[in-house]
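**Q** Would you mind keeping the following structure in view while I ask a few things?
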Amino acid sequence: MIKKERLLWIYTKMNEIRKFEEKAWRLFEKNELRGSVHLYIGEEAIAATAISLLRDEDYITSTHRGHGHGIAKSDDLKRSMAELMGKETGFCKGRGGSMHIADLEKGNLGANAIVGGGIPISCGGALAAQLKGTDQVTLSFFGDGASNQGTFHESLNLASVWKLPVIFICENNQFAISVPTRQSTSVKDIGVRGKSYDMPGYTVDGNDVFAVNDAVEKAIKRAKKGDGPTLIECKTYRWKGHWTGDPEVYRTREEVSEWVAKCPIKRLRDHMIKEKIATSKELDAIEKAADKAVDEAAEFALSSPEPDTSRVLDDVFFEG
Amino acid sequence: MSKKTYAMAIRDCIAQEMRKDDKIFVMGEDIAEQGGIFGCTRDLLGEFGENRIRNTPISENSFVGMGVGAATAGMRPIVELMYMDFAYLAMDQILNQAAKIRYMFGGKAKVPLVIRGQQGIGRGNAGQHSQSVEALFMHIPGVKVALPSSPADAAGLLRTAIRDDNPIMFFEHKALYATKGEVPDDENFAIPFGQANVLKKGTDATIVATLYYVDKAVKAAEALEKEGISCEVIDPRTIVPLDIDTINDSVKKTGRLVIVHEAHKTGGVGAEIASQVTESVFKYLDAPPERLGAKQCTLPFNLGLENAVVPQIDDIINAVKKTMYK
């Protein structure tokens with residue numbers, strides 16, 4: 001069960017993420033963005049739903065495909081878009097860019113451009129909470145590719161031994177760049193890997209807000225009770241290429257279309273209308289507001305100042 | 001002042017700081033009941049309990065990474081690497097994560113993390129347990145690097161490291177653990193980073209040495225003294241930050257520079273120091289700087305072979321003489 005208010009929050013975030021990513025794509029094509037931009041389109045249900053269960057003081061770690069997690073955790077499209085453009089007003093003052101958005105004030109311990117690199121860090125956040133004796137939980141987001149890194153296995157093992165309040169959320173979008181999971185991963189369902197480390201392992205439909213919610217809610221309860229971590233695999237699909245310049249030779253248009261038809265946003269919208277949780281008018285208003293917020297974020301970012309190059313050596317170390 | 005070993009100076013400093021700040025905790029392999037295989041965390045488990053003195057599995061990249069995460073989330077972890085050779089297993093978390101978090105996140109994060117452990121020759125540990133790897137961490141910005149050469153320096157530098165809000169690589173030396181020296185009893189005794197120690201004043205040549213080689217450099221200087229050659233011996237104590245001013249000032253006076261360390265000569269810290277000195281005080285040099293370091297091969301097991309790879313006291317003496325065209 002998700003109360004209407006939270007469901008509408010999830011719907012809002014999913015729309016903001018979708019529209020943010022579409023805008024980022026257009027800006028990239030217009031050369032307003034540099035580097036590579038990894039879009040979260042098609043996977044929005046996972047970040048929005050899981051993070052709807054957190055408080056500001058709870059932690060997340062995120063990935064190279066991290067805009068969605070950051071948007072859901074921080075609620076600040078402007079600073080996210082400004083960071084994508086490398087502006088001084090961005091979350092990282094233009095030093096990090098698309099793959100390194102962090103917001104420590106809101107518990108985002110950072111996106112990470114090393115696949116699997118954030119998993120031990122998320123456990124460190126959970127360890128800090130355990131040592132301080134708080135009831136903070138940490139959501140560790142990573143992809144199917146990361147589940148083949150040593151850090152995944154090492155971290156699940158130690159998190160289980162130490163009963164850390166961390167929830168491992170594997171967003172299985174079925175490809176590690178171009179390599180399909182069947183070529184890279186020994187198991188069909190990554191959720192079963194929880195068993196090796198004596199923790200519950202779930203495999204859920206990552207495009208289903210309710211399925212994601214149930215699993216994460218259970219895992220948070222377990223973590224707060226001091227019973228330790230949970231692994232949740234959310235099966236999903238990225239509609240766009242791995243990055244903005246991906247030739248996508250590894251999949252067919254038909255396969256992409258099948259998944260576009262399973263759009264998580266449309267699915268939630270249809271559900272809420274069918275179950276009379278919300279009217280189409282209400283939902284239209286949310287979509288429109290998301291459009292407006294993203295437009296404003298882009299304007300803010302475009303009109304923001306570039307970082308001062310004379311400050312390029314600042315912040316290598318904490319001074320003081 | 002109390003006379004204690006280098007290992008006990010480290011242990012006592014950790015205990016003293018842990019009593020003052022409950023955010024400090026220690027994790028690593030065999031550090032709890034065992035007290036670390038070199039005894040640097042001996043008896044800490046009894047006093048601080050298993051929450052703050054944590055044995056880890058042999059998963060270096062991940063337990064170092066948990067230190068990075070815990071530090072970013074407000075704790076002050078001390079992570080022991082049993083051998084600094086094992087830092088290679090944790091390179092991603094040290095150099096891609098810990099070193100970069102503050103900068104990449106726009107200066108909004110602090111990572112107060114000490115990664116400490118021992119390195120070097122002295123126990124016949126061969127190629128994967130005898131290396132000196134500090135230069136790797138000087139090359140990548142974002143970590144500070146300390147190399148304590150005496151019990152007092154170990155205590156004073158470690159206290160600074162523990163209180164610093166940045167990631168620190170703290171390189172101890174296995175052959176120094178049993179050496180004894182006077183350590184101040186003051187529980188706030190701290191040696192600032194970036195402040196070289198001039199162990200011996202001299203006028204004819206400057207010898208810069210680190211870690212295990214500081215003592216050897218002093219011995220070489222004493223031998224040279226008998227031949228009428230006066231050497232100044234400088235231990236930089238930290239290489240990030242590096243107190244190049246003290247070295248430059250000495251070279252301005254002596255006109256000659258010898259740098260000696262146990263780590264490989266090629267691409268080593270000596271190369272960096274020699275370059276910085278030639279860039280800034282070239283006109284004071286009466287001879288090219290001499291660099292001494294391990295030869296460019298894996299550290300061999302056999303003692304004779306090991307000694308053939310790393311510099312000896314005679315090599316330091318000869319290098320000084322070479323700068324004097326003798």
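The values are calculated or read from the model by the stated rules, or taken from the named source; none is laboratory data. Keep in mind that what you see is a predicted model, and the values were worked out from it rather than measured. Heads up, the Cβs are rebuilt from the backbone with ideal geometry, glycines too, and the neighbour counts pull from every protein chain shown.
**Q** Please find, among B:314, B:235, the residue that is within 19 Å of residue B:171 (Cβ to Cβ) and in contact with a helix residue (DSSP H, G or I) (Cβ under 9 Å, 6 or more places away or on another chain).
**A** B:235
**Q** Which of (1) out of contact with any helix residue (DSSP H, G or I) (no Cβ under 7 Å at 6 or more places or on another chain); (2) buried (at least 20 other Cβ atoms within 10 Å of the Cβ); (3) within 14 Å of chain A (Cβ to nearest Cβ) is the odd one out, the single condition residue B:165 does not satisfy?
**A** Among (1) out of contact with any helix residue (DSSP H, G or I) (no Cβ under 7 Å at 6 or more places or on another chain); (2) buried (at least 20 other Cβ atoms within 10 Å of the Cβ); (3) within 14 Å of chain A (Cβ to nearest Cβ), the lone unmet condition for residue B:165 is (2).
**Q** Considering B:98, B:87, which residue is away from every other protein chain (no Cβ under 14 Å), within 27 Å of residue A:123 (Cβ to Cβ) and surrounded by 21 or more Cβ atoms within 10 Å (Cβ to Cβ)?
**A** Exactly one residue qualifies, and that residue is B:87.
**Q** Residue under question is residue A:147, and the condition is that it be buried (at least 24 other Cβ atoms within 10 Å of the Cβ), of a type in the set (S, T, N, Q) and within 8 Å of chain B (Cβ to nearest Cβ); does it hold?
**A** Criteria not met by residue A:147.
**Q** Considering only residues that are touching an Asp or Glu at 6+ places or on another chain (Cβ under 8 Å) and aliphatic (A, V, I, L, M), which ones fall in segment A:83-101?
**A** Correct list: A:85, A:101.
**Q** Failed condition for residue B:52, given (1) out of contact with any His (no Cβ under 6 Å at 6 or more places or on another chain); (2) within 22 Å of residue B:174 (Cα to Cα); (3) not polar (S, T, N, Q), with all others met?
**A** Condition (2) is where residue B:52 drops out.
**Q** Moving on to the next point. Consider segment B:256-280. How many of its residues are without any contact (Cβ under 8 Å) to a residue 40 or more places away in the chain and either within 22 Å of the chain's Cα centre (by Cα) or buried (at least 18 other Cβ atoms within 10 Å of the Cβ) (or both)?
**A** Number satisfying all stated conditions: 7.
**Q** Within segment A:60-112, can you find the residues that are closer than 19 Å to residue A:144 by Cα and not in a loop (DSSP other than H, G, I, E, B)?
**A** The answer is A:60, A:61, A:67, A:68, A:69, A:99.
**Q** Filtering segment B:30-73 down to residues that are of a type in the set (S, T, N, Q) and within 14 Å of another protein chain (Cβ to nearest Cβ), which residue is nearest to residue B:19 (Cα to Cα)?
**A** B:51
**Q** Right, next: Of all residues in segment B:132-152, which are crowded, with 24+ Cβ neighbours inside 10 Å, of a type outside the set (Ser, Thr, Tyr) and more than 30 Å from residue A:312 (Cα to Cα)?
**A** Scanning segment B:132-152 gives B:148, B:151.
**Q** I'm trying to understand the selection: among the residues of segment A:62-116, which are farther than 23 Å from residue A:12 by Cα, more than 9 Å from every other protein chain (Cβ to nearest Cβ) and of a type in the set (Gly, Ala, Ser)?
**A** Within segment A:62-116, just A:86 meets the criteria.
**Q** Do we have any residue at all in segment B:42-62 that's in the same structural domain as residue B:160 (by TED's automatic domain parsing), under 19 Å from the mean Cα position of the chain (by Cα) and buried (at least 23 other Cβ atoms within 10 Å of the Cβ)?
**A** For segment B:42-62, residues in the same structural domain as residue B:160 (by TED's automatic domain parsing), under 19 Å from the mean Cα position of the chain (by Cα) and buried (at least 23 other Cβ atoms within 10 Å of the Cβ): absent.
**Q** Sticking with this structure for a sec: Is it true that some residue in segment B:109-116 is within 16 Å of the chain's Cα centre (by Cα), charged (D, E, K, R), over 21 Å from residue B:70 (Cβ atoms) and at pLDDT 95 or above?
**A** No, segment B:109-116 contains no residue that is within 16 Å of the chain's Cα centre (by Cα), charged (D, E, K, R), over 21 Å from residue B:70 (Cβ atoms) and at pLDDT 95 or above.
**Q** Can you run down the residue pairs with Cβ atoms below 9 Å, 6 or more apart or on separate chains, where the first is in segment A:293-320 and within 13 Å of another protein chain (Cβ to nearest Cβ) and the partner is modelled with pLDDT under 95 and part of a loop (DSSP other than H, G, I, E, B)?
**A** From residues that are within 13 Å of another protein chain (Cβ to nearest Cβ), the pairs are A:315/B:108.
**Q** Something else about it: When only residues in segment A:150-190 that are over 19 Å from residue A:39 (Cβ atoms) and among the acidic types (Asp, Glu) count, which is farthest from the other protein chains (Cβ to nearest Cβ)?
**A** In this case the residue turns out to be A:189.
**Q** If we keep just the residues of segment A:22-56 that are part of a loop (DSSP other than H, G, I, E, B), buried (at least 21 other Cβ atoms within 10 Å of the Cβ) and not hydrophobic (A, V, I, L, M, F, W, C), which is nearest to the other protein chains (Cβ to nearest Cβ)?
**A** A:38
**Q** Shifting gears a bit: Out of (1) within 8 Å of chain B (Cβ to nearest Cβ); (2) surrounded by 24 or more Cβ atoms within 10 Å (Cβ to Cβ), the odd one out for residue A:131 is which?
**A** Exception for residue A:131: condition (2).
**Q** Further question on the same structure: So residue B:30 ticks every box in (1) of a type in the set (D, E, K, R); (2) closer than 22 Å to residue B:5 by Cβ; (3) touching a helix residue (DSSP H, G or I) at 6+ places or on another chain (Cβ under 7 Å) but one. Which box is left unticked?
**A** Failed condition: (3).
**Q** Can you name the condition, by its number, that residue A:59 falls short on among (1) more than 8 Å from every other protein chain (Cβ to nearest Cβ); (2) crowded, with 24+ Cβ neighbours inside 10 Å; (3) closer than 28 Å to residue A:191 by Cβ?
**A** Just one mismatch for residue A:59, condition (1).
**Q** Given the condition modelled with pLDDT of 95 or more and at positive phi, answer yes or no: does some residue in segment A:13-27 qualify?
**A** There is no residue in segment A:13-27 that is modelled with pLDDT of 95 or more and at positive phi.
**Q** Would you please list the contacts, defined by Cβ atoms under 6 Å and residues six or more apart or on different chains, that run from a residue in segment A:246-270 that is buried (at least 17 other Cβ atoms within 10 Å of the Cβ) to a residue that is in a loop (DSSP other than H, G, I, E, B)?
**A** A:259/A:237; A:264/A:207
**Q** Could you list, in sequence order, the residues of segment B:281-312 that are among the small types (Gly, Ala, Ser) and surrounded by 14 or more Cβ atoms within 10 Å (Cβ to Cβ)?
**A** Of everything in segment B:281-312, those that are among the small types (Gly, Ala, Ser) and surrounded by 14 or more Cβ atoms within 10 Å (Cβ to Cβ) turn out to be B:287, B:293, B:294.
**Q** Of the residues B:133, B:183, B:208, B:198, only one is more than 28 Å from residue B:318 (Cα to Cα) and touching a helix residue (DSSP H, G or I) at 6+ places or on another chain (Cβ under 8 Å); which?
**A** B:183
**Q** Could you please find all residues in segment A:158-180 being touching a helix residue (DSSP H, G or I) at 6+ places or on another chain (Cβ under 8 Å) and assigned to a helix (DSSP H, G or I)?
**A** A:158, A:159
**Q** Is it the case, given these coordinates, that residue B:76 is closer than 18 Å to residue A:59 by Cα and more than 7 Å from chain A (Cβ to nearest Cβ)?
**A** Considered against the rule, which asks whether it is closer than 18 Å to residue A:59 by Cα and more than 7 Å from chain A (Cβ to nearest Cβ), residue B:76 comes out as yes.
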